[in-house]
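The structure appears below as structure tokens.
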């Protein structure tokens, strides 16, 4: 299994985006001691992401692609949440996919995609 690591700078903003908006679940958090950076695992339907406040774990502004079933339904759920910072649309690509792109508060781009049938 490949698990991407995305750089975050603020755990509360990350929770608002990844848990409340995207609907991922928090699996665990790790912190060496109080007032140290957090390292977090979130997941949904077998997809797993690690989010890290540690300098050097990842570069902000990364891009990842996640295959998603029922992409149109997922996009509709995202819009219903009325998240003030993102209203993602659906793009039909020339390479035969439907795609929904979101950008987290730390400039990481997540492209959810589904192959057109």
- Message: As an exercise: evaluate residue 1 against (1) assigned to a loop (DSSP other than H, G, I, E, B); (2) modelled with pLDDT of 95 or more; (3) over 15 Å from the mean Cα position of the chain (by Cα) and give the number of the one condition it does not meet.
- Response: (2)
- Query: Across the range 69-104, what is the number of residues that are crowded, with 16+ Cβ neighbours inside 10 Å and out of contact with any strand residue (DSSP E or B) (no Cβ under 8 Å at 6 or more places or on another chain)?
  - Reply: 1
- Query: So which residues in the range 22-60 are touching a residue at least 12 places away in the same chain (Cβ under 8 Å), surrounded by fewer than 12 Cβ atoms within 10 Å (Cβ to Cβ) and closer than 13 Å to residue 8 by Cα, if there are any at all?
  - Reply: 55, 59
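The values are calculated or read from the model by the stated rules, or taken from the named source; none is laboratory data. Please read all numbers here as calculations on a predicted model, not as lab measurements. Here the Cβ is made from the backbone with ideal geometry for all residues, glycine too, and neighbour counts use every protein chain on show.
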